[in-house]
Each structure stands twice: as C-alpha cells, then as structure tokens.
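Below is one structure, written out as structure tokens, with a few remarks after it.
The values are calculated or read from the model by the stated rules, or taken from the named source; none is laboratory data. Source: prediction; values computed, not measured. For neighbour counting, all protein chains shown are included, and Cβ atoms are generated from backbone atoms with ideal geometry for every residue, glycine included. With ligands, DNA and RNA removed, areas are computed over all heavy atoms of the protein, side chains included. Shrake-Rupley method; radii C 1.70, N 1.55, O 1.52, S 1.80 Å.
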Amino acid sequence: MEKRVKERREGLRPLDGEPTGVVLRFAPNPNGPMSLGHSRGVVINSEFARMHEGEVILRFDDTDTKRKPPSIEAYDTIAKEFEWLTGRAPDRIVTASERMPLYLAHVIEDIEAERAYVCTCAAGDFKELRDAKKTCPCRSLATTEHVERWERMNDPKGGWQDGDAVVRIRTDLTLPNPALRDWPALRIQTAPHPKVGDAYRVWPLLDYQSAIEDHLQGVTHIVRGKDLMDSTRKQTLLYDMRGWKYPDTLYWGRVKVHEFGSFSTSAMRTDIEAGTYSGWDDPRLPTIAAFRSKGYAPEAIRSFWLEQGLTQKDIAVSMKTIESHNVKAIESTTPRYSFVQDPLSRRLGMHETWPSNCFNIPSHPENASMGNRQWPAPKDGDSILIQATDFSASLRLKEFANVTVSEDAAIVEDFDRSDRRQIIHWVLEHHSRDAVLLIVEENQIKRHPGRLENVDLELGKVVQLERVGFAIVTEIQEDGTLVFTYLHD
RNA sequence: GCUGGUAUGGUGUAGUUCGGUCCAUCAUGGCGGGUUUUCAUUCCGUCGACCCGGGUUCAAAUCCCGGUACUAGCACCA
C-alpha cells in the first residue's frame with residue numbers, strides 16, 4: 001500500500017469515495033432570516049455539491065407552529081440569501097408543510113408495521129419508564145388499537161389536545177443511550193400554520209419529517225451540526241426497520257463569534273420588535289442581512305467557512321478573521337476617497353502654481369485600471385480642510401505638497417516629497433461635500449461628521465476612506481449629505 | 001446520572017485513516033520594518049502550538065492504555 005504524499009489541502013476534504021451525483025440539503029427553520037451560523041450550512045453543502053457534481057436542496061423544516069412559528073416572509077428571504085451567498089439558486093426547494101400528506105402516509109405504514117405506536121403517557125411518566133428501560137402501557141396495545149388512536153389524534157372531535165398523545169418509534173428499550181429509546185416522531189399541534197392553516201392536526205417532529213424527506217429526495221450525504229448526532233442515530237434506527245440506507249453523515253461543531261454574544265432568531269425578533277435594533281439588517285446583528293448591508297462580499301463569507309472546514313471542534317472565532325476574508329475579496333476593486341473628519345479650514349498659500357489645470361489622484365494605487373479621481377488644481381487662496389487631530393506646523397498634503405501650517409493658513413513649500421514629515425489626507429473645501437460616518441462602538445452607533453471629496457456615489461457603494469478603512473454608503477440625505485456605515489479596516 | 005463528541009501557537013486550521021519526508025502547514029493576530037504617499041490598504045521580517053501521564057517502537061502529533069478539560073443529546077424545538 002503506497003502512502004499518499006502529504007501536501008496541504010485546499011478547501012474541503014472530498015467526501016469518502018469521491019462520489020459524483022451527490023444530493024445534499026440545507027434545512028433551516030424559516031422562523032426568521034438567515035444568520036451567520038446558517039450560512040455555514042449553505043456554504044458547506046453547496047461546496048460539496050459543486051465538488052461532487054451533485055445537487056443541493058433548500059428544505060424548509062417548518063413543522064413547529066408553536067415554539068418556532070414560521071415567518072411567511074422568511075421562505076423567500078432565505079431563498080434569496082441562499083442565492084446571494086452561493087451565486088446560484090438551490091437545485092430544488094422543498095417545504096415540509098406542503099408535503100404533509102406524504103409524511104402522514106408513512107406514519108400509518110409505520111403503525112401498521114409495528115414500527116411505531118401511539119402513546120398517551122404524560123411526558124414525565126414516560127421519561128421515568130424510559131430511564132428505567134421499562135415499556136410504557138401503550139406500547140403493548142394491539143396494532144388495531146394504535147390505528148384507532150392515530151385516527152383519534154387526527155380528529156378534532158376526538159377529544160385529544162396538544163400533548164395528550166404522541167407517535168413514538170419503537171426501539172430496543174435496552175439501548176444504552178436513553179435519548180434513542182422509543183423516540184417521539186409526531187405530536188398534536190393545534191396552532192395554525194402560516195402556510196397551510198389548520199389543515200393538519202398532527203405534525204411530525206424534525207427527526208421523523210427529516211428522515212422521511214431525506215429518503216424521498218434521495219439525499220446521499222447529510223452535513224449537520226454535531227448537536228444532531230443523536231438525530232442521526234434515531235433516524236438510522238427507523239431506516240434500518242424500513243430497509244433504507246441512511247445517508248453518509250458529517251458534522252461540524254459549534255461556532256461562536258467573539259464580537260457577538262449568543263443570539264437566537266427569536267431573541268433577535270424580540271429585540272427588533274422592541275426597537276433595540278432597527279431591523280434584521282441592523283449592523284450590530286449577526287444576520288446575513290446585516291453582513292450584506294454592511295458591505296460584505298458573499299465570497300468572503302464563503303472562503304471564511306471553507307477555511308473553517310468541517311471540524312467537530314467547538315470554536316470561537318474573531319470578526320477580524322471574517323474581515324480579513326472580506327478585505328481580500330474587495331480590496332483591489334474598491335475605490336479610495338479622502339474623508340476628513342472634524343475638519344479645520346486653512347487658506348492655501350502658493351508661491352508656485354500647480355503645473356496642470358487639474359489634479360489627478362489614482363482611485364487605487366495598485367490598480368491603475370480603476371483610473372483617477374480628478375480634482376480641480378489647487379490654487380493660491382483656496383480653502384483646504386484637514387483633520388483637527390492631524391494639525392501640526394509641518395505636514396505633507398497627500399499626493400500634493402509639503403506645507404507649513406499656521407492658525408489660518410497652509411503655505412506650500414514645495415511639491416516633491418523631500419523629507420519625512422507626516423502625510424495627511426485632505427480635501428479642497430470647494431470640491432467636497434458633507435458626509436457622516438457611522439461606526440458601531442460598544443454596541444452603540446456613533447456619528448462622525450466630516451467632509452468627503454466631491455464624488456457621486458450611489459447607495460450601497462463600498463469605498464475605502466483613506467486612513468480610516470472601508471465603509472458603505474447607506475443613505476443619501478435630501479441636502480446631499482452622504483451617510484456611510486463603517487465596514488472594517 | 002446515562003450516551004456521545006472534541007482536544008495542534010492568542011484565535012482558527014493542515015498533517016492523524018496507512019508511525020519516519022513534521023525541530024509541525026497556512027491564515028489571522030501581536031511585534032518590528034519597507035513603500036513618491038504612510039493612524040487604512042499593501043509588502044517584508046518576526047513571535048508563537050502537538051491536553052496530561054504511561055506504554056509499544058530504531059522512530060509517535062500520528063498507534064495502545066489511563067487520566068483531565070471542554071462540549072452536545074437525553075424536548076410533545078429545529
């Protein structure tokens with residue numbers, strides 16, 4: 001047996017056996033838009049599909065109408081966010097609530113084949129029995145009785161309410177892992193569903209719905225969080241009884257971003273509704289909507305997740321890491337502009353005129369194809385603006401001249417760089433406009449007013465403000481003032 | 001308590017399947033420096049790790065045994 005040459009692998013480790021025609025799925029609960037955490041599932045699953053010439057399904061697991069009620073806008077939002085992230089639409093979109101008849105048909109098969117039964121024990125009682133590896137009284141009832149119970153569960157006039165009965169999958173009760181013993185598969189849920197109303201009374205739980213759907217869709221590989229390991233084990237028990245082959249399964253660990261605390265979709269919804277945050281795209285929130293509106297490139301989010309790979313370690317990463325991916329993605333094509341915060345005005349004194357009637361500054365020093373910013377040539381008597389914190393007697397105005405600065409004037413000494421004095425960014429007062437930079441500091445949004453060199457920028461444009469960092473145009477006010485939101489260094 | 005999972009520098013990650021090419025990869029970060037453009041970006045240099053203890057072996061990050069730490073499930077959530 002020859003040993004493979006060790007070399008650094010780029011990207012994800014290929015799936016075992018390097019299969020082609022794989023089918024993967026990303027299965028979010030549509031109870032809100034995508035979070036950064038969700039995007040990992042999107043990126044990893046689509047990347048495997050791409051690597052192995054397969055398909056990726058976007059599946060909405062919307063079978064909880066009570067604790068995690070689906071949000072009707074989220075279906076569309078998530079589909080669009082999926083496309084934004086990967087650059088292409090999912091190969092298939094499946095919505096669990098629209099496929100209920102299929103699941104319910106499988107339940108009756110499972111009950112008749114004695115793979116499942118209807119249990120009316122109180123949850124606490126059942127747990128005690130289960131922990132003692134004892135069967136509950138319902139389990140030994142005749143199959144015909146279970147079929148009747150099943151019909152009664154589904155009958156609004158049957159007298160059973162939420163919590164009164166549950167369908168369980170029959171397993172070996174001596175299984176060492178208590179979590180797997182006679183696991184619950186469906187429950188009564190009378191809260192209406194935003195898509196199908198009260199068309200169904202009994203809804204499958206994730207483990208059952210997902211198990212059946214993965215089989216129906218021909219899913220070959222499941223990539224999910226390791227918190228779902230027991231889900232795999234439960235579902236495998238059902239697959240074995242049905243003679244199905246369970247997909248190959250891979251796991252990732254939990255990811256925490258230092259800068260964001262723990263956010264749940266429902267907690268974010270509460271805060272947005274309370275006005276703590278302006279919306280799902282509030283720059284302080286770890287949602288894809290926020291990353292997108294802050295100016296992150298989808299390829300940055302992709303390369304970030306690909307770099308994390310598929311380890312089962314629970315990790316805590318810094319936003320700096322995500323930011324560095326974004327810098328790589330946008331740096332070479334982002335134009336630079338001069339933005340002077342807290343400006344001081346000085347009269348320009350020039351003994352010698354600028355040798356041209358216009359003043360060109362490259363839009364990007366390393367990318368000449370981006371062209372130049374054209375300013376009018378600075379003239380004797382013009383007012384220039386410099387940042388208050390830069391004020392010093394001897395300065396160099398970037399791209400322009402060495403100056404001696406006093407309380408009211410800036411006198412040009414010479415144009416060529418001739419010494420090591422500090423270089424500062426500046427603007428011509430008559431060739432600049434008001435602008436405000438919004439920066440999130442300590443979870444508060446702070447305003448930094450200043451003057452931006454004259455340039456037309458449309459909403460959503462990402463720029464690099466010299467000596468400040470990257471920012472995106474988030475608002476253009478009536479009076480022409482540009483509002484930027486700070487992105488990162 | 002029961003059942004799993006994971007452990008490589010400050011943070012991530014490659015290498016662990018098949019022990020040697022690993023005095024351990026790449027990135028991020030920190031530090032220092034360069035750039036006719038400089039608190040941003042960019043470039044260069046540098047710092048820094050195999051959880052612990054035994055064992056097997058000529059040779060262990062990699063195999064075995066025993067610890068420890070962290071983490072997940074045991075929901076009529078996904």
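Summary table below
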| quantity | calculated |
| --- | --- |
| Options A:SER324, A:SER392; residue that is under 22 Å from A:GLU453 (Cβ atoms) and open to solvent by less than 50 Å² (accessible area, probe 1.4 Å) | A:SER392 |
| Selected residue [open to solvent by less than 20 Å² (accessible area, probe 1.4 Å) and within 12 Å of RNA strand B (Cβ to nearest atom)] from A:ASP182, A:ASP214, A:ASP162 | A:ASP182 |
| Matching strands (runs of 3 or more DSSP E) fully within segment A:396-469 where at least 1 residues are aromatic (Phe, Trp, Tyr), free of Cβ contacts under 8 Å to residues at least 24 places away in the same chain and open to solvent by 10 Å² or more (accessible area, probe 1.4 Å) | none |
| Lone unmet requirement of (1) open to solvent by 10 Å² or more (accessible area, probe 1.4 Å); (2) modelled with pLDDT of 95 or more; (3) outside the structural domain of A:VAL196 (by TED's automatic domain parsing) for A:ILE78 | (1) |
| Within segment A:83-98, tally of residues that are touching a residue at least 60 places away in the same chain (Cβ under 8 Å) and surrounded by fewer than 19 Cβ atoms within 10 Å (Cβ to Cβ) | 6 |
| Residue within segment A:477-488 that is assigned to a loop (DSSP other than H, G, I, E, B), buried (at least 16 other Cβ atoms within 10 Å of the Cβ) and in contact with an Asp or Glu (Cβ under 8 Å, 6 or more places away or on another chain) present | no |
| Test set (1) open to solvent by 50 Å² or more (accessible area, probe 1.4 Å); (2) within 18 Å of A:LEU228 (Cβ to Cβ) - A:PRO101 fails condition number | (2) |
| Subset of segment A:448-489 (residues that are away from RNA strand B (no atom under 16 Å from the Cβ) and more than 15 Å from A:TYR337 (Cα to Cα)) | A:LEU459, A:GLY460, A:THR474, A:GLU475, A:ILE476, A:GLN477, A:GLU478, A:ASP479, A:GLY480, A:THR481 |
| Subset tally (residues that are more than 13 Å from A:ARG130 (Cβ to Cβ) and over 37 Å from the mean Cα position of the chain (by Cα)) for segment A:166-182 | 0 |
| Candidates A:GLY295, A:GLY309 - the one that is near RNA strand B (Cβ under 9 Å from one of its atoms), at positive phi and either at pLDDT 90 or above or surrounded by fewer than 17 Cβ atoms within 10 Å (Cβ to Cβ) (or both) | A:GLY309 |
| Hey, A:ARG168 touching a residue at least 12 places away in the same chain (Cβ under 8 Å) and more than 8 Å from RNA strand B (Cβ to nearest atom) or not | yes |
| Complete set of residues in segment A:223-250 that are closer than 24 Å to A:LEU175 by Cα and open to solvent by less than 30 Å² (accessible area, probe 1.4 Å) | A:ARG224, A:GLY225, A:SER231, A:THR232, A:GLN235, A:LEU238, A:TYR239, A:TYR246, A:PRO247 |
| Pairs, first farther than 19 Å from A:SER293 by Cα in segment A:28-40, second assigned to a helix (DSSP H, G or I) and open to solvent by 10 Å² or more (accessible area, probe 1.4 Å), C-beta under 9 Å, six or more apart | A:PRO28/A:HIS38; A:ASN29/A:LEU206; A:ASN29/A:THR265; A:PRO30/A:TYR75; A:PRO30/A:THR77; A:ASN31/A:THR265; A:ASN31/A:SER266; A:ASN31/A:ARG269 |
| Set A:PRO355, A:PRO362, A:PRO376, A:PRO343: member being buried (at least 17 other Cβ atoms within 10 Å of the Cβ) and in the same structural domain as A:ASP390 (by TED's automatic domain parsing) | A:PRO343 |
| Selection status of A:GLY253, within 16 Å of RNA strand B (Cβ to nearest atom), over 28 Å from A:ARG447 (Cβ atoms), in the same structural domain as A:ARG67 (by TED's automatic domain parsing) and open to solvent by less than 60 Å² (accessible area, probe 1.4 Å) | yes |
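Let's see how each residue does on (1) out of contact with any His (no Cβ under 9 Å at 6 or more places or on another chain); (2) under 30 Å from A:ARG25 (Cβ atoms):
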{"site": "A:LYS80", "(1), (2)": "yes, yes"}
{"site": "A:TYR117", "(1), (2)": "no, yes"}
{"site": "A:ALA132", "(1), (2)": "yes, no"}
{"site": "A:THR135", "(1), (2)": "yes, no"}
{"site": "A:LEU141", "(1), (2)": "yes, no"}
{"site": "A:GLN161", "(1), (2)": "yes, no"}
{"site": "A:LEU180", "(1), (2)": "yes, yes"}
